[in-house]
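One structure is given below, encoded as structure tokens.
The values are calculated or read from the model by the stated rules, or taken from the named source; none is laboratory data. No experiment lies behind these values; they were computed from the predicted model shown. With ideal geometry, Cβ positions are generated from the backbone for all residues, glycine too; neighbour counts draw on all protein chains shown. What goes into the accessible areas is simple: the full protein's heavy atoms, side chains included, and nothing from ligands, DNA or RNA. Shrake-Rupley method; radii C 1.70, N 1.55, O 1.52, S 1.80 Å.
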Amino acid sequence: MTELSNLQFDAQHLWHPYSSVQNPPLLHEVVSAKGVYLTLADGRQIIDGMSSWWSAIHGYGHPRLNAAAKDQLDKMSHVMFGGLTHDPAVSLARRLIDITDDALQYVFLADSGSVSVEVAIKMAIQYWFAQGKTDKQKLLSLRSGYHGDTFGAMAVCDPVNGMHSQFAKVLPQHLFAAAPTCRDDDDWKDSDIAEMRTLIKANHDQLAAVIVEPMVQGAGGMRFYCARYLRELRTLCDQHNVLLIFDEIATGFGRTGHLFAYEAAAVVPDILCLGKALTGGYMTLAATLCQTRVAQGISADGQGVLMHGPTFMGNPLACRVACESIDVLIESDWQQQVLSIESQLTDELHGLTSHPSVKEVRVKGAIGVVELNQSLDGLMDWLPGFIVDQGVWIRPFRSMIYVMPPYIISTEQLTLLTNAIKAIVDKIEDSGKS
Ligand SMILES: Cc1ncc(COP(=O)(O)O)c(C=O)c1O
């Protein structure tokens, strides 16, 4: 019997994100990656416009990250974190405390973004529980939000697009407020926060925390909103004794032009979730940081413990690479890189605003979004192939073609990416006519 090729075996046996085994997704096999390029099994090199879902900010195969990983492998790739500690974890915590706001002093190392959200939710509920406020177990989040795929995280994702219907009987029931519509502080409208205010006032006795993605709602709709919203939200949470969780799993580490998006609003959360770019996209690792009052509050009388402790917590290999990734970022001219990407994306995508298939073009930091008038879901039998034929890797979702390239992308490479987006939009327009 002839052996199945990787693509054939994959189609018969492997799940991919949000995929059907009866109608397996069109796939491209990657054999290696370097800089901004992915090399496919057929030899083609394509520019990664996605940074592997926000994570590979320095591109692939960075010599310093590679060296750190190899060095750490020779020392130890893993050791349990219960009862033991190690320099990679301590060094990472030092760095995270150093680069985030002074108020954030405690770090919980988690396995993935979703798990860091689970931990944030536990922190908030346990904090109030330890103060005797055992009714404060609900969360309040925004419509169009996305916080991950595990049950706790899923329960605070957008209730319509966030997979709630299939799991309705097992998902915790939380509260949702309208997503803000103000793009910048100049067009602030009080109505933007009205529902949030009403819900906080009416439910504060049961609310442990509000959780939002600051400034940019990512996978739930690629929506950008204004800093004032976060300032108003911080005030409301303080007035009504509700904790504030910022999920910066996508926005953290410079993507929006600030090292952390909360800096744009000068608002500090009680709890902060980080992930994705934490290891420069090398491996899975996330962190949940919190303020001293939250950490000390959970311990209350000295008896309370935070109820989480995964097997691979504080994995030394991941922590060591994360330390190196943070150093590479901080030592680089990342602000300038992100600013340049922002202005080039703005210039080169602007022309699409008047395209008949395009609803809106928006750019923030190193994020570019072209929202179309139609959903692209029905085009996925040919669209991924067409995109790769343009020499790029972009993965549209719903009605959006969006890019968040590695910060190291050159001007020429970024132009190839924006030209590809234009070709994709034209092709979609043509396909609608035929
Ligand atoms: C804002 C946000 N939170 C949480 C997550 C979940 O992270 P992970 O996929 O690492 O579990 C994501 C992933 O896209 C995200 O964008």
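Report the relative contact order of the chain, percent, no decimals, based on alpha-carbon pairs under 8 angstrom and at least 6 residues apart.
Normalised by residue count, the contact order of the chain is 22 percent.
So for the stretch 76-331, taking the charge dipole from beta-carbon charges (+1 Lys/Arg, -1 Asp/Glu), which of M154, G314, Y106 sits furthest toward the positive end?
M154
On a 1.4 Å probe surface of the protein chains, which of Y18, Y225, Y282, Y60 comes out largest in accessible area, and what is the full order?
Y18, Y282, Y60, Y225
How do the peptides 290-300, 163-173, 262-272 rank, highest first, by the average count of neighbouring beta carbon atoms within 10 Å per residue?
Ranked from most to least packed, the peptides come out as 262-272, 290-300, 163-173.
Roll a 1.4 Å probe over the protein heavy atoms and report the accessible area of E118 in Å², nearest 10.
It works out to around 40 Å².
Which percent, to the nearest 5, of DSSP beta bridges fully inside the stretch 76-331 are antiparallel?
Approximately 45 percent, going by the DSSP bridge assignments.
Go through the cysteines of the chain and tell me which have no other cysteine Cβ under 4.7 Å away.
Flagged as lacking a Cys partner: C157, C237, C273, C290, C319, C323.
Which one of T415, G254, F176 is farthest out on the positive end of the charge dipole of the chain, using unit charges on Cβ (Lys, Arg +1; Asp, Glu -1) and the Cα centre as origin?
The Cα lying farthest towards the positive end belongs to F176.
With only alpha-carbon atoms in the gyration tensor, what are the semi-axes of the equivalent ellipsoid for the stretch 205-362, in Å, largest first?
32, 23, 14
Using Cα atoms only, what is the angle between the long axis of helix 411-433 and the major principal axis of the chain, expressed in degrees (0 to 90) to the nearest 10?
80 degrees
Can you give the charge dipole size of the chain about its Cα centre, rounded to the nearest 20 debye, using +1 on the beta carbon of Lys and Arg and -1 on the beta carbon of Asp and Glu?
720 debye
Output needed: percent of Cα pairs per 20 Å distance bin for the chain, bins running from 0 to the one holding the longest distance.
Whole-percent P(r) values from 0 Å outward: 25, 58, 17, 0.
May I ask what percent, to the nearest 5, of DSSP beta bridges between residues of the chain are antiparallel?
65 percent
Can you tell me the 0 to 90 degree angle between the C-alpha axis of helix 316-331 and the longest principal axis of the chain, rounded to 10?
The angle comes out at about 80 degrees.
Taking the Cα centre of the stretch 76-331 as origin, sum charge times position over the Cβ atoms of Lys and Arg (+1) and Asp and Glu (-1), and report the length of that vector in debye to the nearest 20.
560 debye
By how many degrees, 0 to 90 and rounded to 10, does the Cα axis of helix 113-130 deviate from the longest principal axis of the chain?
10 degrees
With only Lys, Arg, Asp and Glu charged, each at its Cβ (+1 for the first two, -1 for the last two), find how big the charge dipole of the stretch 223-293 is about the Cα centre; round to the nearest 20 debye.
140 debye
Ignoring everything but the protein chains, give the 1.4 Å probe accessible area of E371 in square angstrom, nearest 10.
Its accessible surface works out to 30 Å², give or take rounding.
Run the accessible area of the chain with a 1.4 Å probe and give the carbon-and-sulfur part as a rounded percent.
Ligands and nucleic acids excluded, carbon and sulfur give 53 percent.
Please list 420-428, 233-241, 68-76 highest first by mean number of surrounding beta-carbon atoms within 10 Å per residue.
In decreasing order of mean packing, 420-428, 233-241, 68-76 become 420-428, 233-241, 68-76.
Across 10 Å bins from the origin, how do the percents of Cα pairs in the stretch 76-331 run, short distances first?
Bin by bin from 0 Å, the calculated values are 8, 32, 38, 19, 3, 0.
What does the helix-only formula give at 222 nm for the chain: each DSSP H stretch with n ≥ 4 adding -39500 (n - 2.57), the total divided by the residues, and the result rounded to the nearest 500 deg cm²/dmol?
-11000 deg cm²/dmol
So, by mean Cβ neighbours within 10 angstrom, what's the order for 26-39, 104-117 with the highest one leading?
104-117, 26-39
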